[in-house]
Every structure is written in structure tokens, then in C-alpha cells.
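In what follows, a single structure is set out as C-alpha cells and then discussed.
All of the numbers you see were taken from the coordinates with simple rules; none came from a lab. Owing to the predicted nature of the structure, the values given are computational and were not obtained by experimental measurement. In this analysis, Cβ positions are derived from the backbone assuming ideal geometry, glycine residues included, and neighbour counts consider all displayed protein chains.
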Amino acid sequence: MQLQLQPCSCQSPSPRHLTSSSLRSAALEQRRRRPSRPANKCVVRAGKTADGPTVAIVGVSGAVGKEFLRVLTERNFPYKDMKMLASARSAGKQVDFDGQHYTVEELNEQSFKGVDIALFSAGGSISKKFGPLAADQGTTVVDNSSAFRMTEGVPLIIPEVNPEDIGSLKAGQGGIIANPNCSTIIALMAATPIHKAVGIKRMVISTYQAASGAGQAAMDELELQTREVLEGKQPTTQIFPFQYAFNLFSHNSPMGPNGYNEEEMKMVKETKKIWKTEDVAITATCIRVPIMRAHAESLNLELASDLSESKAKEILSSAAGVSLIDDREHNRFPTPLDASNNDDVYVGRIRRDISRQDECGLDLFVCGDQIKKGAALNAVQIAELLL
Ligand SMILES: NC(=O)C1=CN([C@@H]2O[C@H](COP(=O)(O)OP(=O)(O)OC[C@H]3O[C@@H](n4cnc5c(N)ncnc54)[C@H](OP(=O)(O)O)[C@@H]3O)[C@@H](O)[C@H]2O)C=CC1
Ligand SMILES: N[C@@H](CC(=O)OP(=O)(O)O)C(=O)O
């Protein structure tokens, strides 16, 4: 059986195909603004190359794993060899990458021999078991799970936000780097440029999260349920305990004793680690909505000093990896479909918080592709910093 690397059925029309001039310029901006690599990094050579790293994808058959392969191709990531790893369920299946066929191997203790970079996305328990083992063998691990994000000494990196925190880690020298939670990445892509400019004292976040965050099986169930509901059938509920299509619900991660679920607490804790401060107050409400692959978030920011709307727009429009869709006249703001399959995080509804008398409050609405910038793209950008 072959795992095909084709555009998924949920692929949206790209903003490039839409007619509004604001969208066209957003798309152009998006191409122009790749996060800049620090000047001391080597020039990246494209594609298969004898002096590139050997790269392993752990969880290659999953939603994020497949996206890793797309992003590596899109970015012409240099590699000498590739290793495709998943569970016994996928072992023996074929994966096509960069014009070559690869056979998926079952992950085991020997999998990392000669591997310089391993991109992990097979869940926290796999990362906990195999991440340190790989690092001990000289593999530099970029881990998508939450297993090591809050571990002291493990860098938690968004390349546009805190690339310096990666320190001296390099491909093939061992070590673990954590990819933040997708909701955290998407929020901080927009909030950090504002934080760096004037300081954020308090952030109130509300999320509208896509099915992709719960894996390929949840995406499949949303598609199936949508069809079933439209056909008047009882929806299949195997992944979530209740109907997902035409519905929404509080995020499915475990609820803690303080009434916050794990997703919400990840946003709070990871933001403080990435911003290196305990002096920012953060609260979040995370909601799962019947959208396929892009998260939306509302951010209410209390600022340390005044910031006009026009200055906020100026800051955000020059931020790497951020595109503005903020057309009040036409009521045109970011949608999850704008972000789907695209690299950038889209920001709009940029407005002063009218509940305050001063200019120290700002509201933003943000959309980002959960699988791309929220996971695979961010991880591949981290891997680029290791070259
Ligand atoms: N940074 C972030 O915000 C995000 C992080 N993630 C992380 O990535 C993980 C995977 O997400 P996603 O791709 O959406 O999930 P999927 O359910 O779509 O895929 C899971 C992958 O893990 C593999 N896997 C499962 N068990 C094992 C095992 N015992 N040994 C080896 N491989 C195994 C699966 O292989 P098989 O098909 O053979 O079962 C599959 O390739 C999440 O659990 C999360 O930790 C995900 C999304 C966003
Ligand atoms: N944040 C994802 C879930 C996920 O994979 O989170 P994490 O990488 O923090 O385990 C969601 O939308 O549900």
C-alpha cells in the first residue's frame, strides 16, 4: 500500500486564487517574508545532497508526518538520506518523497543509527521513550509533542520569535528541541511583535481549533459525520464522545483541578517560557470547532504602554511570517480557509479595546494552519537552524 503525498481533500482555495487586492498582497507578502536565518548560518543547499544531514521522520504516516514531507519538499530542505518511521501498523508501506520511494520502517531502538536530525510527531509517549535514546546516539531531535516543552534546558522554539534560544545545537550532535503547541505558536506569531514593541501585561485568548489538532482520525471523523448528518444518518462518534459536525465543544484535552484544560494551560506556560517572563498574565479558553486544519484565535491584549491602531498595523505588517487581512470597508478579515495550506499566520480585526479609556488595549483575530505553521513548518524551520 502507498501513502500518497497528495493535497488533502480539505485543501482550501489559496488566497492567491481570490480576487480581493488585500488577499493578493497578503499572498505576495507571504512569499516575500520567509523568516530570516541568522547571518552566521550556512547557506542551505537544496534537496538531496551528499553533505546534507540524514533525516528521520517519526510518525510519517500521521497528519503531521505527511505534512513534514510536503514542507521539506517545499523548502528544498537539504538531506543526504531519509528514514521513514512509524508503528508496526505502517511498516512495509511505501512513501513517495522527492521522486523516490521509501519503505516505512517500524520505529525501534536501532532506528537512529546514522541519523542527524529526527523530526518526531508520534505522540508524547513515543517521544519520551525514543527522544532521549536518539539524542544519546547523536541525533538532534525536533519534537512536536508536549513531552519536553517545559523541561529545563530544552529549547522551546518559534524561529521568528526566539531563534537565539536554540544556542549551539547542531544537526548530528545530539540534543532535543521542542516545538511549541500549535495554538501557542499561532498566538505568539502575532502577539510577540506587539510584546517586543510595547510589552504585553495581560493576554486573554479564545481559540477556535480545527480537527487536525486531534490527528488524522479526527479529520476523517469530521468528514464522515458531515456526510452522515447531511444524509440524515446518526453520526459516527469514535474519536469524540459526541457529534462534532455542525457543533463545537470545549477542547478535548484533560480538564485540570483549576477548571482549565491542558491545552489552555500549555498556552499559559509555554508563552511564559518562550517570552522568558513570569510577569505576563494569561488566560485562555480553548474550543474545538468543525474546521478541518486551521486554528483561529481571538487575542485581547493589555499593553504596558499606548499603541495606536495604525502603529499596531505597521508593526504586524512588517513581522516575519505574518500577513494582514484587515479590510474593514469590505468586512474582510482572516478565515481558517485563508490560512489552510499556507505558511503565514493571518491577522486582522486589529482594533483598540474600547472597554479601556486609554490606548493600552488591543484586540486581534488570528488564523494559522495548525498542521503547517502550528506543527510541521515550525519544526522544519527549527531543523534549518541546525544546519
Ligand atoms: N506542535 C503541535 O502543536 C502539534 C503536535 N502534534 C504532535 O504530533 C503527534 C502526532 O500528531 P498527528 O500526526 O496529528 O497524529 P496522527 O494520529 O495523525 O498520527 C500519529 C502518528 O504516530 C505514529 N505512531 C503511533 N504509535 C506509534 C508507535 N508505537 N511507534 C511509532 N509510531 C507510532 C502513527 O503511526 P501509524 O500510522 O503506524 O499508527 C502515525 O504516524 C501528536 O500526538 C502530538 O504529540 C500534533 C499536532 C500539532
Ligand atoms: N494543540 C492540538 C493538540 C496537540 O497536538 O497539542 P500538543 O502538541 O500540545 O500535544 C489541538 O489542536 O488539539
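Assign one of three labels to region 254-301, namely rounded, prolate or oblate, based on the Cα gyration tensor with a ≥ b ≥ c the square roots of its eigenvalues; rounded applies when a/c is under 1.5, prolate when it is not and a/b is larger than b/c, and oblate otherwise. Provide the component values of the computation, followed by the final result.
Numbers: a/c = 2.13, a/b = 1.39, b/c = 1.53.
Oblate, because a/c is 1.5 or more while a/b does not exceed b/c.
Between region 140-171 and region 221-281, how many Å separate their Cα centres?
Cα centroid of region 140-171 versus Cα centroid of region 221-281: 25 Å apart.
Give a quick list of trypsin sites (Lys or Arg not before Pro) in region 318-350 that DSSP marks as loop, anything other than H, G, I, E or B, with at most 16 other Cβ atoms within 10 Å.
Numbers: sites: Arg328, Arg332, Arg349; in loops: Arg328.
Answer by residue number: Arg328.
Normalise the Debye intensity by I(0) for the chain, one equal point scatterer per Cα, no solvent, then take log10 at q = 0.09, 0.12 Å⁻¹ and round to two decimals.
For the requested q values the scattering log ratios are -0.51, -0.93.
Show me the chymotrypsin sites (Phe, Trp or Tyr not before Pro) within region 200-244 that DSSP assigns to loop and that have at most 12 other Cβ atoms within 10 Å of their Cβ. Don't skip to the end; give the middle numbers.
Details: sites: Tyr208, Phe242, Tyr244; in loops: Phe242, Tyr244.
Listed in order of number, the matching sites are Phe242.
Identify the trypsin sites (Lys or Arg not before Pro) of region 42-100 meeting these criteria: DSSP loop state and at most 12 other C-beta atoms within 10 Å of the C-beta.
Working: sites: Arg45, Lys48, Lys66, Arg70, Arg75, Lys80, Lys83, Arg89, Lys93; in loops: Arg45, Arg75, Lys80, Arg89, Lys93.
Of the trypsin sites (Lys or Arg not before Pro), the ones in loops of region 42-100 whose Cβ has at most 12 other Cβ atoms within 10 Å are Arg89.
So who's got an amide H within less than 5 Å of the one on Lys201, skipping anything under 5 residues away but keeping other chains? H placed 1.01 Å off N, in plane.
Glu302, Leu303, Ala304
So what are the radius of gyration and Dmax for the Cα set of region 184-371, in Å?
17.5, 55
Using the number of other C-beta atoms within 10 angstrom as an exposure proxy, rank Leu316, Leu119, Leu169 with the fewest first.
Leu169, Leu316, Leu119
Can you say what percent of the DSSP beta bridges in the chain, counting only those with both residues inside, are antiparallel? Round to 5. Each step should come with its number before you reach the end.
Working: 30 of 64 bridges.
About 45 percent, rounded to the nearest 5.
For region 363-373, in order, what is each residue's ³J(HN,Hα) by Karplus, 6.51 cos²θ - 1.76 cosθ + 1.60 with θ = phi - 60°, in whole Hz (x at glycine and Pro)?
Rounded to whole hertz, the list is 10, 9, 10, 10, 10, x, 5, 5, 7, 7, 5.
Apply the Karplus parameterisation 6.51 cos²θ - 1.76 cosθ + 1.60, with θ equal to phi minus 60°, to every residue of region 277-285 and state each ³J(HN,Hα) to the nearest whole Hz, in sequence, with x for glycine and proline.
8, 9, 8, 10, 8, 9, 9, 9, 10
Using the Karplus curve 6.51 cos²θ - 1.76 cosθ + 1.60 with θ = phi - 60°, work out ³J(HN,Hα) for each residue of region 166-171 in order, rounded to whole Hz, and write x for Gly and Pro.
Working through the residues one at a time gives 6, x, 9, 4, 9, 4 Hz.
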